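A short worksheet on the structure shown next.
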Amino acid sequence: MYNIIADLHTHTLASTHAYSTVQEMVNSAREKGLAALAVTDHARAMPGSPGPWFFTSLREIPLLYRGVLLLAGMETNVLDLNGTLDINDDELNKLDWVVASIHNLGLEGLKNPTVEKCTQLWLNIAHDPGVNVIGHSGSPEFKYDYETVIPEFGRCHKLVEINSHSFDVRAANIPNCREIALCCKKHGVPILVSSDAHFETGIKDHASALRMLEEIDFPEELIVNADLNRLIDYLCAHTRVLRNRKNAEEILRSLRNA
Ligand SMILES: [Zn+2]
Ligand SMILES: [Zn+2]
């Protein structure tokens, strides 16, 4: 029912709890027929995350690599209930793509969450111009008021992620993932379907997320990575790709016409 053409939340061995190189990830994406891949390794609050020059140098890798559009990304951590993120301005200005997620790191700033506090946290992130994707936000511990926040994500052009990996590793999140998707459907808010692969074989493994989306008859036109022109429109309008990358316009035009 859905044809996913890009996997835009994945990890390489730079995260140190993931196990493939960029090249292996790109080869896998290409073999599976994906047009685009984002590598989004973990930012510094995650133990074992890459060193200080990693993200600012990621553009060394060409935007079009082996025929795959390769976005230089980061999965930044929410550090506190105000929605502070562990990404700095230099990194922001040099990356194409930013996923913001809450991880269970025992951070002092995330102690004693309530629905009210988490609602404010995500509203603050909705208005953060650096963020593109709201990563796996279905945790029951950090539940927020979907009816208040999700329409705001839409207004601020944040893509709400439906993370297929959550169905395997965050079972407690599953009912909330469905509720989030239903809320996106109700309010016409675009989503992103991601594998969150930590090894090359996991790329394009979106089956669990897609099954749930089919069950609720989720509109195809709201899945940003189910159509290449739709994704390119989003990249041009709401990311730093055109501004930051040499030849980006030409590359995106060639992909549109392919
Ligand atoms: Zn994550
Ligand atoms: Zn991740």
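Structure above, values below:
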| quantity | calculated |
| --- | --- |
| Computed FRET value (nearest 0.05) for ASP168 with ASN3, which takes r as the C-beta separation and R₀ as 22 Å | 0.50 |
| Stretchable slack from GLU31 to GLU141, in nm (0.36 nm times residue separation minus alpha-carbon distance) | 35.8 nm |
| Cut-off 11 Å, label 7 Å out along Cα→Cβ of ASN124, residues of the stretch 134-150 by amide N | none |
| Distance between the stretch 211-258 and the stretch 6-36 - C-alpha centres, whole angstrom | 18 Å |
| Inter-label distance for ASP89 and ARG178, nm, one decimal - labels placed 7 Å from Cα along Cα-to-Cβ | 4.6 nm |
| Backbone HN-Hα couplings from phi across the stretch 214-230 [Karplus 6.51/-1.76/1.60, Hz, Gly and Pro as x] | 5, 4, 9, 6, 5, x, 4, 5, 9, 9, 4, 9, 9, 7, 5, 5, 5 |
| Over the chain, relative contact order from alpha-carbon pairs under 8 Å, at least 6 apart, % | 21 percent |
| Burial ranking of peptide ranges 100-109, 75-84, 221-230 (average Cβ count within 10 Å, highest at the top) | 75-84, 221-230, 100-109 |
| Relative pair counts by distance (%), Cα atoms of the chain, 5 Å bins | 1, 6, 14, 19, 22, 18, 12, 6, 1, 0, 0 |
| Partners for LYS185 among lysines (Cα-Cα distance below 17 Å; same-chain residues under 8 apart left out) | LYS158 |
| Where a label projected 7 Å from the Cα of GLU24 along Cα→Cβ would reach, residues of the stretch 164-195 with amide N under 20 Å | 165, 195 |
| Accessible carbon and sulfur surface of the stretch 45-154 relative to its total accessible area, %, 1.4 Å | 53 percent |
| In the stretch 1-45, trypsin sites (Lys or Arg not before Pro) in a DSSP loop with at most 15 other beta-carbon atoms within 10 Å | LYS32 |
| Heavy-atom SASA rank of PHE55, PHE199 (probe 1.4 Å, accessible area, largest first) | PHE199, PHE55 |
| Beta bridge orientation in the chain: antiparallel %, DSSP, nearest 5 | 10 percent |
| Per residue, in Å², the accessible surface of the stretch 6-257 once ligands and nucleic acids are set aside, probe 1.4 Å | 41 Å² |
| Extension gain (nm, one decimal) between THR201 and ARG59, 0.36 nm per residue minus Cα-Cα | 48.7 nm |
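The values are calculated or read from the model by the stated rules, or taken from the named source; none is laboratory data. Computed from a prediction, not measured in an experiment: that's the story for all the values here. Using ideal geometry, Cβ is built from the backbone for each residue, glycine included, and neighbour counts are taken over all protein chains shown. Heads up: the accessible areas ignore ligands, DNA and RNA and are worked out on the full protein's heavy atoms, side chains in. Shrake-Rupley method; radii C 1.70, N 1.55, O 1.52, S 1.80 Å.
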